[in-house]
Each structure stands twice: as C-alpha cells, then as structure tokens.
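Working notes for the structure below.
Read-outs: derived from the displayed coordinates by stated rules, not from any lab. Being a predicted model, the structure only gives us computed values, none of them experimental. Positions of Cβ are generated from backbone atoms using ideal geometry, with glycine treated the same way; all protein chains shown enter the neighbour counts.
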Amino acid sequence: MKKMSCIICEMNSPLNPYSYMALRILTFIALIAVTFAPLPAASIHHPTPDSAVVEEASLNLIAPNGGEILIRGSRTTVTWSSRHITDGKIILVLYSKGVKTAVISKGCPNTGRFEWKIPENLAADVNYRVRIRWSRQPEVNDFSDADFTIRDGAN
C-alpha cells in the first residue's frame, strides 16, 4: 500500500486512495458548512434610526471668495452651499489679514445667501476674507479662498 500524506493530521499515514478521498470530501463539506452557516440572531445588525450613519456636515463659501472689489456702504450677497445642515444658524465673520474685524451675521438661516451692507467705517484694504461656520459645530466652516478688496466708492 502506498503511503499518502494526511492533510488533517499533518503526518504520513498509510491510507488507501478511497479513505484519502473520503477524508478530503468530508473536509471540504465541513469548510462549506462553516462558511455558509447562519449567523446567530444576536450578531445580525438591523439598523435603527439611532444607529443610522450620520452624514458629515459641510459648508462651502462661494462668494466673496477672493478677487472681488467691494464698495463701502454698498450691498453685496454672501453665498454658500451646505450639506447635511438641517438646524442651527450660520455665522459670518469678516477677517482682515487673519484678524477678526467684524461680525457680518451672528446667526442667519441656512438659505445659502445673506444680504450684507458693507459698513462705511471699514478700512479700505485689499486683505479681507469671510469665514462661514455652523453655530452647532464650529469646526464645520470655510474661509474665502483668497483675499478680496473693500474700497471707497469714489476710487
């Protein structure tokens, strides 16, 4: 009788070809049974509203976003897009050279636009940017991508 290697026992043992084949078939069936065995009821996850995936909120400032020339005393529209912001308010802040200069809005609705009357007392400068943020999560925010200018109307 020829010696054949037994995969299960990891040792050489004298098996006839039929016993060896039967052992291989049983091993294969056991593998299939384990692979396709139903999960216990406790391990099956049924999503509930509380366990639903929460989409990440985001804000994107559209304008003024850099390069614009705005006139003191005139009106302009601050525009933005948002995702997954359903409550809370939008806060708009004006910065000059990285320093908070004025609050444009302490909390407006998330409509995607805010009509802003540029104050007459702002310094004429080329280094302004707007920051937009969500009142409920301040880390959800965006800045103008580049500086814009506020100047006198007479220039």
How long, wide and thick is the range 58-151, going by the Cα atoms along their three principal axes, in whole angstroms, largest first? 36, 20, 18
Here the range 140-150 yields Karplus 3J(HN,Hα) values (6.51, -1.76, 1.60; θ = phi - 60°; whole Hz; Gly and Pro given as x) of 8, 7, 8, 10, 3, 5, 8, 6, 10, 10, 10
Here the range 101-115 yields Karplus 3J(HN,Hα) values (6.51, -1.76, 1.60; θ = phi - 60°; whole Hz; Gly and Pro given as x) of 10, 7, 8, 7, 8, 6, x, 9, x, 7, 9, x, 7, 9, 7
Normalised by the residues of the range 58-151, what does the relative contact order come to in percent, with Cα pairs under 8 Å and at least six apart? 41
If I model a spin label at Ala57 and Gln137 as a point 7 Å from the Cα along the Cα→Cβ vector, what separation in nanometres do I get? 0.6
Taking Asp142, Asp125 and counting other C-beta atoms within 10 Å, the order from fewest to most: Asp125, Asp142
Can you list residues from other chains, or at least 5 along the same chain, whose modelled amide H is less than 5 Å from the amide H of Glu68? Thr149
